[in-house]
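Okay, structure first, notes after.
The values are calculated or read from the model by the stated rules, or taken from the named source; none is laboratory data. Quick caveat: nothing in here was measured; it's all calculated off a predicted structure. Note that each Cβ is placed from the backbone with ideal geometry, even for glycine, and that neighbours are counted across all protein chains shown. Heavy atoms of the whole protein, side chains included, go into the accessibility calculation; ligands, DNA and RNA do not. Shrake-Rupley method; radii C 1.70, N 1.55, O 1.52, S 1.80 Å.
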Amino acid sequence: MNRIAAPGTEAADPVFAAEQAHLTEVHGKLKGIARDAVAAMEAVAAQAAQDKKSMAEELAVNFATWDDMLETHADIVAMNNIIEAHDMANSVQAERLRAAEVLLREPYFAKIELQFKEGQPAKELYIGSAGISDENYRRLVVDWRSPVAEVYYNQVMGPTSYVADGRTIAVDLKRRRQFDIQGDRLLSYFDSDVAIEDKLLLASLSRGRSAHMQAITATIQREQNAVVRHEDVPVLQVAGVAGSGKTSVLMQRIAYLFYQHRGALDPAQVFLISPNPVFGRYIDRVLPDLGERNPEILTWAQFLAPLLPAGRGAGEGEVSYERLAAIDAALAGFEFDRSDFRDIVSAGVRLLGGDAVEKVSMKFAAVPAGPHRATLMGEELEVRLGARLKSLAALESTHDEVADLSIEEQLRLFGETFDPQTEEEARRLSLVYLEDKHADAIEAVSTMGWLDVDRVGRRLLGSDGLTSVEWVYLKMALTGMGNPDAKYVMIDEVQDYSEGQLAVMARYFRRANFLLLGDPNQAIAEGTAAWDGIRAVFEAERGPVSACRLMTSYRSTPAITDLFARLLPAGEAMEVSSVQREAPAPEIVACPDEAAWRTALTDAVAAAGEAGGLTAVVVPWKSEARRLAKLLTAEDASSAAVLGEGDSLPAEGVVIVPLKLAKGLEFDRVIVPDASARVFPASDIARRRLYTTISRATRHLTILSCGPLTELLR
């Protein structure tokens, strides 16, 4: 049985009135908490400024005797402790302010009533996007990520349980109530005695999409919650149908991890590999809206670029795992020779020669070629480069060079003009200058730029050249290059990467746990890894791989979902379902000739523009997007602009989108301009491209064809 109440029913529904009164009280307390936090932060800042001033006046730095040194040190430690205490007090208040600001928009979205022991009254817990307590430490709102909140997401009425601090706590869920709230105003509430139909989810889905992805905190479903709250494992591979909320689940997973590891997990230790820059901008508000900072959001090209030599592009990523495994095998008996080493040259000066690098290599010849030997060589070469710079700093010609610097440059380097009083001071300042001048050489030694990776690759593999993926993998195998500090890496649209690309990321982030999300049926490019191949790569690199599936579509109407589900392999389509409300059936029009097709296309674009919302004309290739834009301009439908990688998704209008950029996005309307047999032949990759294209639509879908419709839709 479901009970639903909405505004205007207060007199007839005392529950609505009571819940509105509670909301008003909580909202008022939240405003008070925010005010108090601001006032406390201002007071801390004022006190800190006063303490710093007093300490600066009282602190007497004296190193004359050993006792004076100890006393001075004790005073400095005391001063630092006071400053640290102020910082800690400020951070506590800042955290409360952040939580209050998040909750003031919507204090909570659900309430659960739990009976912990038979015969005792049920306890009411209100669940929101953040957790906060009042001045008496009574919980006003429970954070959705807290252990007890899992009872709400499990959607099991009656006896159930949750795990907290390693203990399983049995409870009886007496009520699961959902709210639709704006600020301090209760719009409606829903009671579900059997917790099957999610009224809040349906209400959320009925609202129009926006230019940015929204958090799904209030509407996380049971199968999604299994991913969000999954235990920490080295690798979790999630397969989800189009519209199943994979990326939303990914973002909620990140927020959940920040909560679980509060104070120990920094956003800089979490990496999200995004399919394209447009998508990166589409998702960048989800976590800030939950009061969390964004992780590092990178595309594959952005991840790879800093690892490659200057001027070398990311290139093609179609490299098999077997090809990279051959590199590891060949390295087992490899030995360097002189040609494998580069000179370190900076500003026209050879600071370290390849011969010197070879001598250092021979010094450690007993250590096999690989990260350990490279580290030993790097340390030795850093010492030698330091000695070389010190010898240059002692030269009179270097002192003259420093003296000839502009006043501005001297101030930048030394904080004062170059006027050494002793020979030692002249050498010291000259060394500062040389370390700045030859910073590229210092960086080259640090990053092992003295190693000619291409030359090693040619000798190792007997090939003329390395792809960018092979180059980075070989550099990692030789030097141990990587990010050992990363703790979590999330790869979205994982089916779009080759085995080689995935192996590079698995090895580069060698200590991180991975979340791999994708849909094998949305692999729209040649040469990408099969779903089982993805698993095999990570099993080889990281060990056992856990798996989850998401089979419910929340994006598209049932009719659109049924249409794209027909494009799935036999057996999978039967498992896909939609919870959206019904809308007009997809319109499919096969045009007999190009003239009729042009008319149908311009009419569809014009109608979409008049209807409002955001419409995407999705085409397979970027070149086709440009051609279509010219055609529509010629037909006086110039309002349709091509979405490029540097663009953000608009809130409304008509955009022409290459399929590669449409990945992960959703639109109120989608127009497939040409679903003819020519564009979508009866092949597996064409089937995946059409499936991906159609599944971008949430409410309306128009499919046109210039000539006979593809067999895939007949």
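Things worth noting here:
- Looking across the stretch 273-323, the residues that are more than 15 Å from GLU470 (Cα to Cα), of a type outside the set (Lys, Arg), in a loop (DSSP other than H, G, I, E, B) and touching a residue at least 12 places away in the same chain (Cβ under 8 Å) come down to SER274, PRO275, ASN276, ILE283, ASP284, LEU290, GLY291, GLU292, ASN294, PRO295, THR299.
- Which numbered condition THR447 fails, given (1) within 18 Å of PRO309 (Cβ to Cβ); (2) at pLDDT below 95; (3) in contact with a helix residue (DSSP H, G or I) (Cβ under 6 Å, 6 or more places away or on another chain): (3)
- Against the conditions (1) of a type in the set (A, V, I, L, M); (2) open to solvent by less than 40 Å² (accessible area, probe 1.4 Å); (3) under 18 Å from SER274 (Cα atoms), ALA525 satisfies every one except (2).
- Restricting the stretch 414-444 to residues that are open to solvent by less than 30 Å² (accessible area, probe 1.4 Å) and assigned to a helix (DSSP H, G or I) leaves a set whose member that is nearest to GLY348 (Cα to Cα) is ALA441.
Yes or no, residue by residue, for (1) over 30 Å from ASP452 (Cβ atoms); (2) in contact with a strand residue (DSSP E or B) (Cβ under 7 Å, 6 or more places away or on another chain); (3) surrounded by 22 or more Cβ atoms within 10 Å (Cβ to Cβ):
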site	(1), (2), (3)
SER244	yes, yes, yes
LEU272	yes, yes, yes
ASN276	yes, no, no
ARG285	yes, no, no
PRO295	yes, yes, yes
ALA305	no, no, no
PRO309	no, no, no
GLU318	no, no, no
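- Test for ALA682: is it under 22 Å from VAL241 (Cα atoms) and of a type in the set (Gly, Ala, Ser): yes
- Residues (closer than 24 Å to ALA99 by Cα and open to solvent by less than 10 Å² (accessible area, probe 1.4 Å)) located in the stretch 149-176: ALA149, VAL151, TYR152, TYR153, ARG176
- Single residue of the stretch 322-343 satisfying the filter (aliphatic (A, V, I, L, M) and farther than 16 Å from ALA374 by Cα) that is most open to solvent (accessible area, probe 1.4 Å): ALA329
Per-residue answers, yes or no, for (1) out of contact with any helix residue (DSSP H, G or I) (no Cβ under 7 Å at 6 or more places or on another chain); (2) surrounded by 14 or more Cβ atoms within 10 Å (Cβ to Cβ); (3) among the β-branched types (Val, Ile, Thr); (4) at pLDDT below 95:
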site	(1), (2), (3), (4)
GLU358	no, yes, no, no
SER361	no, yes, no, no
LEU376	yes, yes, no, no
LEU381	no, yes, no, no
SER391	yes, no, no, no
THR398	no, yes, yes, no
GLU408	yes, no, no, yes
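- Residue match in the stretch 125-132 (condition: touching a residue at least 40 places away in the same chain (Cβ under 8 Å), farther than 24 Å from GLY291 by Cα and in contact with a strand residue (DSSP E or B) (Cβ under 8 Å, 6 or more places away or on another chain)): no
- Condition check for SER676: open to solvent by 10 Å² or more (accessible area, probe 1.4 Å) and polar (S, T, N, Q): no
- Pairs with Cβ under 7 Å, 6+ apart, first in the stretch 136-160 and over 17 Å from ARG175 (Cα atoms), second β-branched (Val, Ile, Thr): LEU140/VAL26; LEU140/ILE132; PRO147/VAL163
- Considering residues of the stretch 97-117 that are open to solvent by 70 Å² or more (accessible area, probe 1.4 Å) and touching a residue at least 24 places away in the same chain (Cβ under 8 Å) only, the residue farthest from ARG35 (Cα to Cα): PHE116
- Number of residues in the stretch 456-479 that are surrounded by fewer than 22 Cβ atoms within 10 Å (Cβ to Cβ) and closer than 19 Å to PHE271 by Cβ equals 1.
- The residues on offer are ALA503, ALA486, ALA477, and the sole one that is of a type in the set (Gly, Ala, Ser), outside any helix (DSSP H, G or I) and touching a helix residue (DSSP H, G or I) at 6+ places or on another chain (Cβ under 9 Å) is ALA486.
- Selected residue (only one of TYR108, TYR152 is of a type in the set (Ser, Thr, Tyr) and either modelled with pLDDT of 95 or more or in a loop (DSSP other than H, G, I, E, B) (or both)): TYR108
- Residues located in the stretch 594-629, provided they are under 21 Å from LEU709 (Cβ atoms) and either of a type in the set (Lys, Arg) or without any contact (Cβ under 8 Å) to a residue 40 or more places away in the chain (or both): ALA595, ALA596, ARG598, THR599, THR602, ASP603, ALA607, TRP621, GLU624, ARG627
- So PHE538, is it farther than 30 Å from LEU331 by Cβ and either in a helix (DSSP H, G or I) or open to solvent by 10 Å² or more (accessible area, probe 1.4 Å) (or both): no
- ASN294 closer than 30 Å to ILE132 by Cα and of a type in the set (S, T, N, Q): yes
- The one condition in (1) surrounded by 19 or more Cβ atoms within 10 Å (Cβ to Cβ); (2) at pLDDT 90 or above that ALA301 fails to fulfil: (1)
- Residue list for the stretch 545-569, restricted to those being open to solvent by 30 Å² or more (accessible area, probe 1.4 Å) and modelled with pLDDT of 95 or more: SER546, ALA547
- For the stretch 688-699, the count of residues that are over 28 Å from ILE273 (Cα atoms), assigned to a strand (DSSP E or B), at pLDDT below 95 and open to solvent by 10 Å² or more (accessible area, probe 1.4 Å) is at least one.
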